[in-house]
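Trainee: Below: one structure in structure tokens.
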Amino acid sequence: MVSKSEVNMSIIRIGDVCTWAKGYQVPRDDTSVDKEIPYLHYGDLYKLYGFRLDLEEKYDQIIKIDADSKIKTEQYLHDGDIVFTFTSETVDDLGHCTLIINPADRPFVTGMETTVVHITNRESVLPAYLNYYFQSRKFQREVRQFVTGMKVYRVHPDDLMDMVVDIPEMVIQKRIVAALDPFSDKILANTKLNANLSNQARVAFSSLMETADLSKAVLSEVADITMGQSPPGESLSEDCAGTLFYQGRAEFGEIFPTPRLYTSEPKRMASKGSVLMSVRAPVGDINLALDECCIGRGLSSIQSNEGLSGYVHYLMDYLKPQLDIFNGDGTVFGSINKESVNNLEILIPSKEDREKFDKLATAIDAIIELNHREILKLQEFRDYLLPKLISGEIDVSNLPLPD
């Protein structure tokens, strides 16, 4: 062990080693995987990418824009740049960032409502280290000081530039990154595996809908629907015992924003394994409730009334294109009410076929849940290590340097 006083540490204003630029604005309808320049869309930062994005690995899947787009030089993404989201409907999402891996320096641009941070002094600051620092709870707490807005929350990038960061000498930065990367690599591996498993279940569900004898029904015939409602603000806490409370964005196969705790007697509950679906734009984003929880405004709980939670899970995912009509055209204020959810027209296979698919889907979801919980534990331990590594409380001098 070494004490903090023994670590050669500098406190640097972020604006002295970085610059920022706004993302390039392109309507989603003008993007396609068949175009030329990869385009990092605001929503995809949450749904598809974690704390780093390797362009070569994702090149074929990432959406793209026309090569003749009028992009400013500072809007291009280079290797080691960091992309932030400083606009969100929830405070918890503010400050989410992704490190760009682009050693070939292929043309790559970030989208509207994102901010690209270029590190200008790489002799002093390692981009991977700075990205880890930005993931720390210390940094996230500091970001909260600069939040403005009510329905849509924002942090101005100039406020980021005025913040300060603890920077040890370069060799220590490299060793800290080497200590944390195995956790991050495992998180990314679990995330990729979960996405693969989810896709397999989707393919199986599509095959079922193409081959089975189907009959007409409405959603309320196979599921019970509960609409969420926000409790009073004083009923919420981040550091006391209580019921898990979820509100806002619900991403399929991804992790929810950190839940707060609902300390009053909860009324709008979702049971473990029920589908949580967003009922405000973007309508139709879904996930599973990992535990019994209270749901807030903007979410609904959809629970099988036949005990077939896996079937209902992938049914709702299959119905997402049908729900896009409630999102409106380019608005963030689209919504769907309970009556409309109850009366969604669906086609269903026989009870025997539903039960057969449910066995497969439930098994897949169980593996996804195990991987999901491991991700949470790995993130928790990585967050625990990060300040200790930065401060020198944990000695990294004997760790090998990364290649």
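Trainee: Is it possible to state the helix-based mean residue ellipticity at 222 nm for the chain, with each DSSP H run of 4+ residues giving -39500 (n - 2.57), the sum divided by total residues, to the nearest 500 deg cm²/dmol? What is it?
Mentor: -10500 deg cm²/dmol
Trainee: Leaving ligands and nucleic acids out of the surface, order LYS35, LYS186 by accessible area at 1.4 Å, largest first. The partial results should precede the final answer.
Mentor: On the way: LYS35 60, LYS186 85 Å².
Order by accessible area, largest first: LYS186, LYS35.
Trainee: Just ALA21, ALA67, ALA223 to compare: in a GNM of the chain, with alpha carbon springs under 10 Å, which one fluctuates most?
Mentor: Residue with maximal mean-square fluctuation among ALA21, ALA67, ALA223: ALA67.
Trainee: Of LYS272/LYS356; LYS192/LYS272; LYS72/LYS192; LYS58/LYS174, which sit over 30 Å apart, Cα to Cα? If you can, show how the numbers build up before the last one.
Mentor: Values: LYS272/LYS356 21 Å; LYS192/LYS272 23 Å; LYS72/LYS192 33 Å; LYS58/LYS174 25 Å.
The answer is LYS72/LYS192.
Trainee: Give the lysines reachable from LYS70 as a straight Cα distance under 19 Å; neighbours fewer than 8 places away on the same chain don't count.
Mentor: Excluding near neighbours in sequence, the set is LYS22, LYS35.
Trainee: Right, another one. Rolling a 1.4 angstrom probe over the protein heavy atoms, how many square angstrom per residue are accessible across the chain? The partial results should precede the final answer.
Mentor: Numbers: 19850 Å² over 403 residues.
That works out to 49 Å² for each residue.
Trainee: Among ASN287, LEU40, GLN25, whose Cα sits farthest toward the positive end of the charge dipole of the chain (+1 at Cβ of Lys/Arg, -1 at Cβ of Asp/Glu, about the Cα centre)?
Mentor: Of ASN287, LEU40, GLN25, it is ASN287.
Trainee: Sort the chain into rounded, prolate or oblate with this rule: let a ≥ b ≥ c be the square roots of the eigenvalues of the Cα gyration tensor; rounded if a/c is under 1.5, and if a/c is not under 1.5, prolate when a/b is larger than b/c, oblate otherwise.
Mentor: On the way: a/c = 1.82, a/b = 1.58, b/c = 1.15.
Prolate shape, in that a/c is at least 1.5 and a/b is the bigger ratio.
Trainee: Please enumerate, by chain and number, the aspartates and glutamates with C-alpha under 15 Å from the C-alpha of LYS388, excluding those fewer than 8 residues away in the same chain.
Mentor: Cα-Cα hits under 15 Å: GLU6, ASP166, GLU380.
Trainee: Using amide H atoms built 1.01 Å from N in the peptide plane, name the residues 5+ places from ILE346, or on other chains, whose amide H lies under 5 Å from its own.
Mentor: ALA217, VAL218, LEU219
Trainee: Please identify the helices of the chain, taking whole runs of DSSP H, that span at least 20 Å along their own axis as judged from the Cα atoms and have a mean Kyte-Doolittle score of -1.0 or higher.
Mentor: Details: long enough: 170-211 (60 Å, 0.16); 351-391 (59 Å, -0.46).
Correct list, ordered by number: 170-211, 351-391.
Trainee: Can you give the FRET efficiency for GLN145 and GLU339, using 1/(1 + (r/R0)^6), R0 = 45 Å, r = Cβ-Cβ distance, to the nearest 0.05?
Mentor: Values: r = 42 Å, r/R0 = 0.93.
That gives a FRET efficiency of 0.60.
The values are calculated or read from the model by the stated rules, or taken from the named source; none is laboratory data. Because the structure is a prediction, the values reported are computed rather than measured. Neighbour counts run over all protein chains shown; Cβ positions are idealised from the backbone, glycine included. Accessible surface is based on the protein model in full, side chains and every heavy atom, while ligands, DNA and RNA are left aside. Shrake-Rupley method; radii C 1.70, N 1.55, O 1.52, S 1.80 Å.
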